[in-house]
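Have a look at the structure below before the remarks.
The values are calculated or read from the model by the stated rules, or taken from the named source; none is laboratory data. Nothing here was measured: the structure is a model prediction, and the numbers come from that model. Glycine gets a Cβ as well: all are built from the backbone with ideal geometry, and neighbour counts include every protein chain shown. When the accessible area is computed, the model is the full protein with side chains, heavy atoms only, and any ligands, DNA or RNA have been set aside. Shrake-Rupley method; radii C 1.70, N 1.55, O 1.52, S 1.80 Å.
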Amino acid sequence: MTVVQDSPAGAVAPSAEEEILRLYRAHLSKGRATLAELFGSHMEVDSSGAWLTTSDGERFLNAGGYGVFIMGARHPRVVEAVQRQLHTHPAATRILLEPTAARAAEALVSVMPEGLDRVHFALSGAEAVETGLKLARANGFKRTVSMHGGYHGKTLGALSATAKDVYQQPFRPLVPDFVHLPFGDADALEAELASHPGEVCVILEPVQGEGGVIIPPKSYLKHVEQLVRRYEGFLVLDEIQSGLGRLGEWWGADIDGVVPDVLLTGKALGGGVLPVSAAVATRTAFKPFDKDPFLHTATFSGQPLLMAAVQASIETIKEERLVTKAVDLGAVLLRGLTEIARRNLPDQLVEVRGRGLLIGVELVEAGLAGELLIELFNHGIVANHSMNGSAVVRFTPPATLTGAEVQFLLDSFDKATRALVRGATTMPEGGN
């Protein structure tokens, strides 16, 4: 028998937010609970398009989401496709033929650089990275080069490629034979490839998102491809954040006309509704997996519910011309954010940079970036920090923004940056 104890007389029941904070501390992460308190302990309960709503009814324009929401939240076409699949056949046996996986693969290949036509679906971006790294190993490439500032995930193989000590240190020793080189330095890459011809897998991003929106020198990506081919290496392009229109092209690879051995995608692939990722390879690179379909498997790879989201997402990006819209919106936002930041933050700003709808505002120190994130939130905007570039505030808004929403973002950025400066100038001496 359960005994229900009465609350002490006069005790006030905890609010919903306080209860969720308690549950975070008890079962999820004390650190995440502390971070939530810095943002006022708001609790998100609803999302639609570019907006999310909290439990107290406040609305925020979501210019964050780490690149997931290229078509906004709960796009009707994606939701409808997922609901239809949910009520017919959401999970498959993985023994019989299953049509949604085949159609999703065909849809994804239709927007890939020519020659990439073999698909392995996964759930997270890190799983897609592991697939790319395993394809390289299965093809005989035992040495891996990744770039300083690059971010590829935190599973063991992906973490070995993510060259940041604070994430790696607790888990060492990691996977052996990983080397990290400066992003944008083709000479350093050539020296490494020349020292180990026929042995090296190179994995990198077209633009480093978590690195702080680091854009490489012009034609660098093409030069990388040429060097990898010259020294008989293996090229994996991580487009998990940069792909599906985020940079104003379907893929960063398209900007320089690059065709890697494996291209990785995720984040926006599930339409902001479901988690799904993929590694898409050339026929030659995929041979080990073609030969043995049980060499690299996962229970939820290619599950029908996820595949319905993939197909609807790609159709939506195509039909709503979101790649083109990312170019146009990105130009407006980059220009507007730059003008405001230069005017309001003359002494705190390093640079505003971006490509398409991946835009970074770099400040002179990480603490200011954290304060700007809070001020943006106080003025109705959700943005992101950059895990490998802590002084950079990152904007990854949807390509579905209306003119009014663009203006709201710029007006809020203006107010947030002015508030940031006021806070800095009124801070007591010795304050932090």
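Observations on the model:
- Rounded to whole Hz, the Karplus (6.51, -1.76, 1.60) HN-Hα couplings of segment 268-276, x for glycine and proline: 6, 4, x, x, x, 10, 10, x, 7
- Residue among 275, 262, 174 farthest towards the positive dipole end of the chain, charges placed on Cβ: 262
- Relative contact order for segment 241-328, counting Cα pairs under 8 Å that sit 6 or more residues apart, in percent: 37 percent
- R0 of 41 Å, Cβ-Cβ distance residue 172-residue 12: FRET efficiency to nearest 0.05: 0.30
- On a per residue basis, the chain carries 46 Å² of accessible surface, using protein heavy atoms and a 1.4 Å probe.
- Computed from phi, the 3J(HN,Hα) profile of segment 235-243 under the Karplus parametrisation 6.51, -1.76, 1.60 (θ = phi - 60°) reads 10, 10, 9, 8, 10, 4, 9, 7, x Hz, with x in place of Gly and Pro.
- Ellipsoid semi-axes in whole angstrom, largest first, where each is sqrt(5λ) of the Cα gyration tensor of the chain: 36, 28, 23
- Highest to lowest packing among 89-101, 263-275, scored as the average C-beta count within 10 Å: 263-275, 89-101
- Candidates 197, 260, 170, ranked by Gaussian network fluctuation over the chain, Cα under 10 Å, top entry: 170
- Each residue of segment 325-335 is assigned a 3J(HN,Hα), and the resulting list reads 5, 4, 5, 5, 5, x, 5, 5, 5, 4, 5 Hz, derived from the Karplus form 6.51 cos²θ - 1.76 cosθ + 1.60 (θ = phi - 60°), x at Gly and Pro.
- Other residues with beta-carbon under 13 Å from the beta-carbon of residue 339 carry, at +1 per Lys or Arg and -1 per Asp or Glu, a net charge of +1.
- Proximity of backbone amide H atoms, modeled 1.01 Å from N, is registered between residue 147 and 181 at under 5 Å, excluding neighbours fewer than 5 places apart on the same chain.
- Taking amide H as placed 1.01 Å from N in the peptide plane, the amide H of residue 47 sits under 5 Å from that of 53, each at least 5 places away or on another chain.
- Highest-MSF residue in the chain out of 342, 22, 418 [GNM, Cα springs under 10 Å]: 22
- Hydrodynamic radius of segment 358-410 by the Kirkwood approach over all distinct alpha-carbon pairs: 11.6 Å.
- Distances between placed amide hydrogens fall under 5 Å for residue 175 paired with 160, all partners being 5 or more residues away or on another chain.
- Alpha carbon convex hull of segment 22-88, projected area averaged over orientations, nm²: 6.2 nm²
- Using the rule -39500 (n - 2.57) for each DSSP H run of four or more residues, divided by the residues of the chain, the 222 nm mean residue ellipticity is -12000 deg cm²/dmol.
- Carbon/sulfur fraction of accessible area - the chain, other protein chains in place, 1.4 Å, %: 54 percent
- Modelled label reach - residue 195, point 7 Å along Cα→Cβ, segment 208-224 residues with backbone N closer than 19 Å: 224
- The relative contact order of the chain, computed from alpha carbon pairs under 8 Å that lie at least 6 residues apart in sequence, is 21 percent.
- Distance in nm between pseudo-label sites at residue 30 and residue 295 (7 Å out along the Cβ direction from Cα): 4.6 nm
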